[in-house]
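Written below as structure tokens is the structure these notes are about.
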Amino acid sequence: LLALAGNPHLVRVVGDLRKRSRLYALPALADRGGLTASAAEHVELLELLLAGDAVGAERLMRQHLGHVRSLWAASQES
């Protein structure tokens, strides 16, 4: 989406932030099928954008990005 918006600098910044994120729980979540709901959020986000629902898209994007600090980042010892 960022690339489609024509902002290559922002695309690089987000890519860098993604690389720096410590997403320890992703492999275990993937093994359990726990990323299905997260992937579905991508579809829902596109639907909200196509419908012109900026408020709904912002709400969902905040929720989705919140996974980085919760679901996806849980320590392997948890």
Open item on the list: Of everything in the range 7-29, what is over 17 Å from residue 65 (Cα atoms) and among the small types (Gly, Ala, Ser)? Give them in sequence order.
Closed with: 28
Task: Filtered residues of the range 31-44 (kept if surrounded by 13 or more Cβ atoms within 10 Å (Cβ to Cβ) and modelled with pLDDT under 95) - done: 34, 35, 38, 41
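The values are calculated or read from the model by the stated rules, or taken from the named source; none is laboratory data. Everything quoted here is computed from the prediction, not taken from an experiment. Virtual Cβ from ideal backbone geometry, glycine too; neighbours counted across all protein chains shown.
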